[in-house]
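Notes follow the structure.
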Amino acid sequence: KLSRLVLTSEGSLKRFQYSGTDWKVTSEPPLANSCDFYGVCGPFGVCVMLASPECKCFKGFVPKSIEEWKRGNWTDGCVRRTELDCQGNASGKYVNIFHPVANIKPPDFY
């Protein structure tokens with residue numbers, strides 16, 4: 001039988017077979033968790049597989065667009081709750097704090 005493989009815009013691979021009149025999907029991988037897609041939570045966002053909603057903002061950050069966040073569109077990501085004041089800290093009075101983040105999988109770049 002004649003078959004073809006199609007890579008979809010979502011990044012999944014589907015196999016189609018020609019039945020003589022039309023193409024039918026014969027196999028496709030199981031649906032992935034949205035956390036499998038790079039950048040789904042946008043800048044300064046983190047995807048949590050077992051949470052609802054799946055995207056959260058890092059500590060000290062809030063959603064950039066509350067309206068989009070409520071719709072499940074997290075691609076705008078998060079912004080700082082308070083702006084950095086690098087010039088105002090010339091005296092060194094304030095200390096930058098980095099919060100540890102556990103169980104993070106960075107993207108695979110080859």
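The values are calculated or read from the model by the stated rules, or taken from the named source; none is laboratory data. On a predicted model such as this, the values are computed, not experimentally measured, just so you know. Here the Cβ is made from the backbone with ideal geometry for all residues, glycine too, and neighbour counts use every protein chain on show.
Any residue in segment 6-13 that is surrounded by fewer than 16 Cβ atoms within 10 Å (Cβ to Cβ), assigned to a loop (DSSP other than H, G, I, E, B) and in contact with a Phe, Trp or Tyr (Cβ under 6 Å, 6 or more places away or on another chain)? The answer is no, given that none of the residues of segment 6-13 is surrounded by fewer than 16 Cβ atoms within 10 Å (Cβ to Cβ), assigned to a loop (DSSP other than H, G, I, E, B) and in contact with a Phe, Trp or Tyr (Cβ under 6 Å, 6 or more places away or on another chain). Going by what's in this entry, would C47 be described as touching a helix residue (DSSP H, G or I) at 6+ places or on another chain (Cβ under 6 Å) and within 21 Å of F98 (Cα to Cα)? Yes, satisfied. The residue of segment 48-85 that is nearest to C35 (Cα to Cα), among those that are among the β-branched types (V, I, T) and modelled with pLDDT of 90 or more, is T75.
Every residue, every condition in (1) within 13 Å of I104 (Cα to Cα); (2) outside the structural domain of L2 (by TED's automatic domain parsing), yes or no:
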{"residue": "T26", "(1), (2)": "no, no"}
{"residue": "F37", "(1), (2)": "no, yes"}
{"residue": "V40", "(1), (2)": "no, yes"}
{"residue": "G45", "(1), (2)": "yes, yes"}
{"residue": "P53", "(1), (2)": "no, yes"}
{"residue": "V62", "(1), (2)": "no, yes"}
{"residue": "I66", "(1), (2)": "no, yes"}
{"residue": "N73", "(1), (2)": "no, yes"}
{"residue": "D76", "(1), (2)": "no, yes"}
